[in-house]
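Presented below is the structure to which this report refers.
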Amino acid sequence: VTAMAAMRVGKIDIMEGISFLQAQQMKQSNPTILQIPTPQTGYSMDPRNDKAPYTDIKVREALQMAINLPELASTYYGGTADPWPCSLTSDYLTGWGFPYSQWPQDLKDQYAYNPTAAKQLLAQAGFPNGLTTDLVVDSAVDPDLVQIIQSYFAAIGVNMSINTMVSASFTSYVMTSHANDALSMRTQGTLGATGNPLRQFVKFQTGASGNNAMVNDPTFNNFYAQALAVTSTVQMQQLLQQCNQYVAQQHYVISL
């Protein structure tokens, strides 16, 4: 708030990472200030892949199908977000990731809003009457978004309680101690990365500090070993594309 006020009166020259709502407010009060949109890491909700029921990919896929991404993009995000899911790498890094436009139809179907299919997947996983779960969320995350997700889940019989923690406590509880037992959510998601490819290869690496989903997958781990051995940019691009396709198929986390 202090920085926004300083920006309005010209005491500072640049701000980064403000929300689209803040940008809209700034445009109304200071229409001459230059605004440049930049791609942001995609929000995600991270289930503990090492703890039931999220050890079952059917449950993780069901939660994804419960989310109406086009509706979120047009309403909550005010049309400023892409209405489709993303994998590990941002679609804006042309030639590096696995953009949604290239996904096969069967994979697109796994991410499409489909509450009926989501309930069927839960039944196949042994939860015909739904399930109860909990979310540990960083207080810096917009609570409105969390409540929207909670309502989406409720529509398929997943009752999610919410435990909000200040950022320092969240970091200690989830990212350091891994004390949460179900879902977590922080301000920077684990999908749509724009950084160094080698850093992307460790996003879901066993034991990695940012692996809040506690993925332990030898196939994913092997991508990093292969990345260290490549000898050209083209080889690195191809390997990251393969990694992206695998991440999308495995539904480690829920794309928001």
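How large is ³J(HN,Hα) for each residue in segment 39-47, as worked out from phi by the Karplus curve 6.51 cos²θ - 1.76 cosθ + 1.60 (θ = phi - 60°), to whole Hz, x for Gly and Pro?
With the stated coefficients, segment 39-47 comes to x, 10, 4, x, 4, 8, 10, 10, x Hz.
For the chain, modelled as a Gaussian network with Cα springs under 10 Å, which listed residue fluctuates most, Val137, Val166, Val59?
Looking only at Val137, Val166, Val59, the biggest GNM fluctuation is shown by Val166.
Based on C-alpha coordinates, I'd like the Rg and Dmax of segment 54-179, in Å.
15.9, 43
Contour minus end-to-end for Tyr76 and Arg8, with contour as 0.36 nm per residue of separation and end-to-end as the Cα-Cα distance?
Numbers: separation 68, 0.36 × 68 = 24.48 nm, distance 2.52 nm.
That pair, Tyr76 and Arg8, stretches by 22.0 nm at full extension.
With a bin width of 5 angstrom, please list the P(r) values of the chain as percents of all Cα-Cα pairs, from the 0 bin to the one holding the largest distance.
Result, from short to long distances: 1, 6, 12, 16, 17, 17, 13, 8, 5, 3, 1, 0 percent.
Name the most mobile residue of Ala140, Ala66, Ala229, meaning the one with the largest mean-square fluctuation, in a Gaussian network model of the chain with Cα contacts below 10 Å.
Among Ala140, Ala66, Ala229, the largest GNM mean-square fluctuation belongs to Ala229.
Using amide H atoms built in the peptide plane, which far-off residues or other-chain residues are under 5 Å from Asp134 H to H?
The answer is Ser161, Leu183.
Over segment 127-202, calculate the relative contact order: mean separation of alpha carbon pairs under 8 Å at least 6 apart, over the residue count, as a percent.
Working: 78 pairs, mean separation 30.9, N = 76.
Dividing the mean separation by the residue count of segment 127-202 yields 41 percent.
Per residue and in Å³, how big is the convex hull formed by the alpha-carbon atoms of segment 175-256?
Details: hull volume 8.1 nm³, N = 82.
Output value, Cα hull per residue: 99 Å³.
Just from its helices, what would the mean residue ellipticity at 222 nm be for the chain, if runs of 4 or more DSSP H residues each count -39500 (n - 2.57) and the sum is divided by every residue, rounded to the nearest 500 deg cm²/dmol?
Values: 11 runs with 99 residues, N = 256.
Only helices count here, giving -11000 deg cm²/dmol.
Go through Lys58, Lys108, Lys27, Lys11 and list them by solvent-accessible area, largest first, probe radius 1.4 Å. Provide the component values of the computation, followed by the final result.
Details: Lys58 75, Lys108 45, Lys27 135, Lys11 165 Å².
These residues rank, largest area first, as Lys11, Lys27, Lys58, Lys108.
Taking the Cβ of Gly78 as the center, what net charge do the other residues with Cβ under 14 Å away carry, scoring Lys and Arg +1 and Asp and Glu -1?
Numbers: positive: Lys27; negative: Glu71, Asp82, Asp142, Asp144.
Once positives and negatives cancel, what remains is -3.
For segment 182-242, what is the accessible area per residue in Å², given a 1.4 Å probe and the full set of protein chains?
Numbers: 2810 Å² over 61 residues.
That works out to 46 Å² per residue.
Normalised by the residues of segment 105-166, what does the relative contact order come to in percent, with Cα pairs under 8 Å and at least six apart? Write out the running numbers ahead of the final one.
Working: 56 pairs, mean separation 24.1, N = 62.
That works out to 39 percent.
Whole-Hz ³J(HN,Hα) for each residue in segment 188-201, computed from phi via Karplus 6.51 cos²θ - 1.76 cosθ + 1.60 with θ = phi - 60°, x for glycine and proline: what do you get?
Values per residue, Gly and Pro as x: 9, x, 9, 10, x, 5, 10, x, 3, x, 4, 5, 5, 5 Hz.
Report for the chain the percent antiparallel among DSSP-assigned beta bridges with both residues inside it, nearest 5. Each step should come with its number before you reach the end.
Working: 5 of 17 bridges.
DSSP beta bridges in the chain are roughly 30 percent antiparallel.
The values are calculated or read from the model by the stated rules, or taken from the named source; none is laboratory data. Predicted model only: the values in this text are computed from it and were never measured. No Cβ is skipped: glycine too gets one built from the backbone with ideal geometry, and neighbour counts run over all protein chains shown. These area figures cover heavy atoms from the full protein model, side chains too; ligands, DNA and RNA do not enter into them. Shrake-Rupley method; radii C 1.70, N 1.55, O 1.52, S 1.80 Å.
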